[in-house]
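Engineer: Let me begin by handing over the structure; questions about it come next.
The values are calculated or read from the model by the stated rules, or taken from the named source; none is laboratory data. All values reported here derive from a predicted model rather than from experimental measurement. Note that we place each Cβ from the backbone using ideal geometry, even for glycine, and neighbour counts take in every protein chain shown.
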Amino acid sequence: MSTYATTRRHPSPPPNSRVEKDRTTDYNTTLFRRLTWEGTVPLEIRVDPKELPANSDRGLECYYIQAPRVSYLPLIVPEVKRFLMDVVFDEVAAKGLRDEEWWFESEEGTLLKWHWPIGLIYDNHTISASARSPSLPSTSMATPMRLILHLAAPPNDKLFLSPTLDACKQAFMNQLKEADFIRWGNTRRMTGLRKIDQDGLWEGIREHSFDDFWRVASKLTPTAGPATRPSSPPAGSRPLSTDHSNGSDRDGAYNMRNVPIRLYLPDGPILQELAPPTLEDGTPNTLYNFLSTNLSLLFPRRPPPPPPSRLNPNPQAPAVPALAYALIQGVVSPPEAELAWLGACLAGADGWLNICIGIAR
């Protein structure tokens, strides 16, 4: 397992206990980042039968692929094209096809956003399909998502930009910059990279190289060390996330201004709310606290326990019905998970922690 420069550099050698602690933190952070990176989703890609070139083999126009979660639809087009040109399309009839005009719909007819990571497209489709069809398991992740590939006339008015590799790269870099600003209040980490390093981030995605990508991304992403809680924060002081007096922890996940988070509802809007990694009292902000604050109807607050009595000296708080769940990188996340840790370890390659909200049944 490779490790990267995700721990602070100290002006003097730290105590052995701190070294071992940092090594453990670095190893665990890298482990979860690698698990996220290596995640894949099954896709079934079928060419729209109305758009098949003449003399195509109509019995083989379907292609199956286990696509990386961190990749993008334009990046898998070359592999799909090789299969279609070798096996399906008539060579002469297919000469006029331009793969930069290819675009995708879901089987239900939903236009797929090419600038979304494939894992996010899959998770968003999963929660939406589950909400529409009660017969589907809520968290079933084994079924391939069926995509319809169109070979011409992309609806650019709905795609905003042509789904080319250059446009996809630009969209990816813009997402990185926006995430950088939300985390730190500026984009100095991103804009301070040399052009070769910025290009290296995209090349790491294109080549699906964990080592190449994180060699640069570790300069942007916070470390996932434990939260450092102030003993008694003075009144009127700056929030913990903006107090960089402790230089050794200033790049830690718990010292960010906010965690870059987007919430995706089934067939619904995308919500983006500020998510500080710690609360006003210095305690870590949790996934449950964030969701119950912003989606209180789906994640109601737990009521306090009733007062003790002679018959019930240790009363428990009433149970709260499970109305919804949070799906992050294809995994149902526990409500007590801390936002800072999730943002450091389970965010996408573009820096965003994408949370898909499924409806429980």
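Engineer: Would it be correct to say that residue 75 is over 30 Å from residue 360 (Cα atoms), crowded, with 20+ Cβ neighbours inside 10 Å and under 20 Å from the mean Cα position of the chain (by Cα)?
Structural biologist: Working: over 30 Å from residue 360 (Cα atoms): yes; crowded, with 20+ Cβ neighbours inside 10 Å: yes; under 20 Å from the mean Cα position of the chain (by Cα): yes.
Here the answer is yes, as residue 75 does meet what is asked.
Engineer: If you don't mind, another one. Does segment 276-325 hold any residues that are small (Gly, Ala, Ser) and either at pLDDT 95 or above or within 15 Å of residue 263 (Cα to Cα) (or both), and which are they?
Structural biologist: If the condition is that a residue be small (Gly, Ala, Ser) and either at pLDDT 95 or above or within 15 Å of residue 263 (Cα to Cα) (or both), then 292, 296, 324 are the ones that fit.
Engineer: Now, a different point. Residue 126 versus (1) modelled with pLDDT under 95; (2) surrounded by fewer than 17 Cβ atoms within 10 Å (Cβ to Cβ): which is the lone unmet condition?
Structural biologist: Residue 126 satisfies all of (1) modelled with pLDDT under 95; (2) surrounded by fewer than 17 Cβ atoms within 10 Å (Cβ to Cβ) except (2).
Engineer: Right, something else. Scan segment 172-189 for residues that are of a type outside the set (D, E, K, R) and closer than 22 Å to residue 273 by Cβ and jot them down.
Structural biologist: Filtering segment 172-189 down to residues of a type outside the set (D, E, K, R) leaves 172-176, 179, 181-182, 184-187.
Listed by number, the residues that qualify are 174, 175, 176, 179, 181, 182, 184, 185, 186, 187.
Engineer: Let me ask something else about it. Among strands (runs of 3 or more DSSP E) lying entirely in segment 27-134, which contain 2 or more residues that are more than 21 Å from residue 171 (Cα to Cα) and touching a residue at least 12 places away in the same chain (Cβ under 8 Å)?
Structural biologist: Filter on segment 27-134 gives 40-47, 62-68.
Engineer: Among the residues of segment 133-152, is any touching a Gly at 6+ places or on another chain (Cβ under 6 Å) and either surrounded by 16 or more Cβ atoms within 10 Å (Cβ to Cβ) or of a type in the set (D, E, K, R) (or both)?
Structural biologist: yes
Engineer: I've got another one for you. Restricting to segment 326-344, count the residues that are buried (at least 21 other Cβ atoms within 10 Å of the Cβ) and either more than 13 Å from residue 120 (Cβ to Cβ) or not aliphatic (A, V, I, L, M) (or both).
Structural biologist: Residues in segment 326-344 being buried (at least 21 other Cβ atoms within 10 Å of the Cβ) and either more than 13 Å from residue 120 (Cβ to Cβ) or not aliphatic (A, V, I, L, M) (or both): 9 in total.
Engineer: Kindly indicate the residue of segment 345-361 that is farther than 19 Å from residue 68 by Cα and among the aliphatic types (A, V, I, L, M) and also surrounded by the most Cβ atoms within 10 Å (Cβ to Cβ) among those meeting that condition.
Structural biologist: The selected residue is 357.
Engineer: A further question on this structure: All but one of (1) among the β-branched types (Val, Ile, Thr); (2) crowded, with 17+ Cβ neighbours inside 10 Å; (3) modelled with pLDDT under 85 hold for residue 182; which doesn't?
Structural biologist: That leaves (3) as the condition not met.
Engineer: Sticking with this one: Scan segment 198-213 for residues that are exposed (fewer than 14 other Cβ atoms within 10 Å of the Cβ) and either free of Cβ contacts under 8 Å to residues at least 40 places away in the same chain or of a type in the set (S, T, N, Q) (or both) and jot them down. Don't jump to the end; show me each part of the working.
Structural biologist: Narrowing segment 198-213 to residues exposed (fewer than 14 other Cβ atoms within 10 Å of the Cβ): 207, 211.
Listed by number, the list holds a single entry, 207.
Engineer: From the list 204, 247, 252, which one is in contact with an Asp or Glu (Cβ under 6 Å, 6 or more places away or on another chain), assigned by TED's automatic domain parsing to the domain that holds residue 339 and either at pLDDT 80 or above or not hydrophobic (A, V, I, L, M, F, W, C) (or both)?
Structural biologist: None of the others qualify; the one that does is 204.
Engineer: Could I ask something else about it? Which members of segment 255-313 meet the condition of being of a type in the set (D, E, K, R) and surrounded by 12 or more Cβ atoms within 10 Å (Cβ to Cβ)?
Structural biologist: Correct list: 257, 262, 267, 273, 302.
Engineer: Filtering segment 251-287 down to residues that are of a type in the set (S, T, N, Q) and touching a residue at least 60 places away in the same chain (Cβ under 8 Å), which residue is farthest from residue 123 (Cα to Cα)?
Structural biologist: Here the answer is 278.
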